[in-house]
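Take a look at the structure set out below.
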Amino acid sequence: MIRVAVLCGGRSGEHEISLRSAESIIRALDPARYEVKRYFISKQGVWDPGPILPQPGANAGIDVVFPVLHGTFGEDGTVQGLLELAGLPYVGPGVMASANAMDKDVMKRLCLERGIPVVEYAVLQRGALDAGAVDLPFPVFVKPANLGSSVGITKVKERPGLAAALEFAARFDRKIIVERGIAGREFECSVLGNESPVAAAPCEVLPSREFYDYEDKYLLDQARIELPARLSDEQTAEIRRLAVEAYQALECEGMSRVDFLLEEATGQFYVNEVNTIPGFTSISMYPKMWEYSGVPYAALLDRLIELALARHAERQSTAYER
């Protein structure tokens, strides 16, 4: 029996989505194989029934941790650092990859270094929100650099609306990203694996609103998903290739979902985001893409736990002293 600690909730704007993902995972874990213990983290950062301690051997009863903490303090490398200090295996990318992917600016820079296309963008800091410094054609998207689920994002069609959008995004992060708006289509692609990652069949997101925002993702239930995506064989191969390339550029392990934009005018794919702890709710596309690709939900959870244990076992051969 493998003892799995599922971490959920957290100090994040995505607290509620985390709870929904965690419940789906707990229901799907085979009780004949796993003994599951839920660790709830409140919006104030209080752990119930108690915190994981940052000391090897201090957390009896845990064989592997499944962090289901979307966004800040969960997907950004912080909880991964805690689990490294505790000496516990855990599902998903490590400290550096999590931090790299969470910061949209750093993610884009690493992709550009590998020749992976990303949309042109500008970076501003909370203390210097100069709308006049943004030299991009409109429309633009204004985003917190370190958040997910489209929290804090505004589409700005004309320059007079830019200052308010910057102030809104700055409520959620110290660093703000402004991206050139792309007229085209949105896609997602799931990636799985450690040293030899593979990509699932991609899906297309068809928003019910002007873009795929928080309400469209989680509240309205009107966005449509096409799985498999309506793409040529060549386009499908390209999106899967780019998904794996981005995954490796950020040094991800375990799992990630890579989101894409396809510009209608040029036919160019752009990597938009890399989500290291993607949603696992009943409507989440990371498990749905793998299910379509031949890996059912419960088997996917088995595989993720296997990958976590394998990575931890391999790292045990690393020397930390002379």
Gained length - ARG27 relative to SER232, 0.36 nm times residue gap less alpha-carbon distance: 70.2 nm
C-alpha long axis of helix 297-315 to longest principal axis of the chain, angle in °: 70
Range of Cα positions in the range 75-156 per principal axis (Å), largest first: 48, 29, 22
Charge tally in the Cβ shell below 11 Å around ALA5, where Lys, Arg are +1 and Asp, Glu are -1, ALA5 excluded: +1
Relative contact order %, the range 2-91, counting alpha carbon pairs below 8 Å whose residues are six or more apart: 39
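Just to be sure I understand: if I project the alpha-carbon convex hull of the range 2-91 onto a plane and average over all orientations, what area do I get in nm²?
5.1
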Farthest positive-ward along the chain dipole, Cα basis, beta-carbon charges - from TRP47, ALA165, THR281: TRP47
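Cβ under 15 Å from GLY132's Cβ, GLY132 left aside: what net charge do those residues give with Lys, Arg +1 and Asp, Glu -1? Intermediate values should be presented prior to the final figure.
Details: positive: ARG159; negative: ASP130, ASP135, GLU158, GLU167.
Local net charge: -3.
Counting Lys and Arg as +1 and Asp and Glu as -1, what is the net charge of the other residues whose Cβ lies under 12 Å from the Cβ of ARG27?
0
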The chain: angle of helix 15-28 to the longest principal axis, Cα-based, in degrees nearest 10: 50
Semi-axis lengths, Å, the chain, gyration tensor of Cα atoms, sqrt of 5 times eigenvalues: 32, 22, 19
D_trans [Stokes-Einstein, Kirkwood Rh over alpha-carbon pairs] for the range 121-180, 4 °C, 1.567 mPa s, µm² s⁻¹: 119
In Hz, Karplus ³J(HN,Hα) per residue of the range 254-268 (6.51, -1.76, 1.60; θ = phi - 60°; x = Gly, Pro): x, 7, 6, 10, 9, 9, 10, 10, 10, 6, 5, 5, 10, x, 8
Dipole in debye (nearest 20) - the range 121-180, about Cα centre, beta carbon charges: Lys, Arg +1; Asp, Glu -1: 140
About the Cα centre, charge dipole magnitude for the chain (Lys/Arg +1, Asp/Glu -1 at Cβ), debye: 580
Percentage relative contact order, the chain, counting C-alpha pairs under 8 Å, at least six apart: 19
Karplus-derived HN-Hα couplings along the range 232-238 (A = 6.51, B = -1.76, C = 1.60, θ = phi - 60°), whole Hz, x at Gly and Pro: 5, 4, 5, 5, 4, 4, 5
Length released on extending from SER42 to GLU158, taking residue separation times 0.36 nm less the Cα-Cα span: 37.9 nm
Phi-based couplings in Hz for the range 33-50 (Karplus 6.51, -1.76, 1.60; Gly and Pro marked x): 10, 10, 9, 9, 10, 8, 10, 9, 10, 6, 5, 8, x, 8, 8, 10, x, x
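Where a number appears in this text, it was derived from the coordinates with a stated rule and is not lab data. None of the values given here were measured: they were computed from a predicted structure. Don't worry about glycine lacking a Cβ; one is built from the backbone with ideal geometry, like all the others, and counts go over all protein chains shown.
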